[in-house]
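For reference, the structure discussed in these notes is given below.
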Amino acid sequence: MPAEVVGVKDVLAGLSFIDEDMRERIRRAIDPLMRQVAADSKREVPSNDQVLSGWVKPLSSSVSYRPFPKYDAQTVRQGIGYNPGQNKVMKNGFQVSNYVFNVSRAGSIYETAGRLNPQGRAPFEFRTSRGEGGTYTKRSARSRAFEEYKSNNPFASQQFIAALEPVTSQPKIPGMRGGGRKTKGRLIYKVWSRDSIKIYDAILKAIDKSTTEFNRVTEIKKVA
C-alpha cells in the first residue's frame, strides 16, 4: 500500500516564508547599525601626524620591489565602507552579507598589525628583567622571524608595532563563539567590540518576530 505524505507543500512553503521573511527582517534591523559601525570606524583612523613619520613619507619611484604602502589618513578613511549586499562565496562555502570593509593596504596594516606578533616580527625580542628595563635577546635561528627578514633596521617591526595603539579584543558574549586573534583590531574590530552586543540583540529580535509572524499566519490557515 503506497504511503501518502500530507502537507509537504505547506511545509516547504512555510520554510520558504521563514527564509525570506527572516532575511529581510534581519537586514532591516542591522542596516542602520552596520552603517554606524562604518562611520565610527572612519573616526578611529589616526591623522597623518599620529603615526610614525616614516610611514607618511612619499614612496620612491626608483625601487624595483613592492614597497611598504604609504600611510594617508584620507585614503584609509575612503577605503572603509558598508556593503548591504553579499560578497563572493568563500572557499569554505560561506558568504558574507551586510558587512563593513577596509580595502586600503595601509588601512589593513593599521587594523591588524601585531595580531600574531605583539612585539613585531623581528629576529630580536625584548625580555624584561627584574626591576625596570630589560634586554634585547636574539631569537632562535629556527624562528620564522629570520625568514626573508631584509630590513636594514633589525628593530623596525618592533618599533612600528610599539608606535601603534594596542589591538582591541572582542568581548565574551554568552552563547556566541569567540573570534580569537582574527577579530582583534584598531578600526572596524575596535568599533565592533563596542557595538556587537546590540547588533546581535537586534538579530535575535528579528528572528523572534519572524517566528511569531510565521506562527500567526499558520494559525490563520488552520482556522480557515
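The values are calculated or read from the model by the stated rules, or taken from the named source; none is laboratory data. These figures come from a predicted structure and were not determined experimentally. Here the Cβ positions follow ideal geometry from the backbone for every residue, glycine too, while neighbour counts run over all protein chains shown.
Quickly run through the stretch 40-95 and pick out the residues that are of a type in the set (Phe, Trp, Tyr) and either within 23 Å of residue 26 (Cβ to Cβ) or outside any loop (DSSP other than H, G, I, E, B) (or both). Hits for the stretch 40-95 are 55, 82, 94. Here is the figure for the stretch 56-97: residues that are within 26 Å of residue 156 (Cα to Cα), at pLDDT 80 or above and of a type in the set (S, T, N, Q) total 2. Note on the stretch 98-119: residues that are polar (S, T, N, Q) and either touching a residue at least 60 places away in the same chain (Cβ under 8 Å) or assigned to a helix (DSSP H, G or I) (or both) amount to 4. Across the stretch 152-182, the qualifying residues are those that are of a type outside the set (A, V, I, L, M, F, W, C), at pLDDT below 80 and surrounded by 13 or more Cβ atoms within 10 Å (Cβ to Cβ), and the one among them that is farthest from the chain's Cα centre (by Cα) is 154.
Residue-by-condition table, conditions (1) on the phi < 0 side of the Ramachandran plot; (2) touching a Ser or Thr at 6+ places or on another chain (Cβ under 8 Å); (3) touching a residue at least 12 places away in the same chain (Cβ under 8 Å):
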position	(1), (2), (3)
34	yes, no, yes
38	yes, no, yes
45	yes, no, yes
55	yes, no, yes
59	yes, no, no
62	yes, no, no
73	yes, yes, yes
81	yes, no, yes
89	yes, no, no
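Screening 205, 190 for residues that are modelled with pLDDT of 70 or more, assigned to a helix (DSSP H, G or I) and surrounded by 14 or more Cβ atoms within 10 Å (Cβ to Cβ) leaves exactly one candidate, 190.
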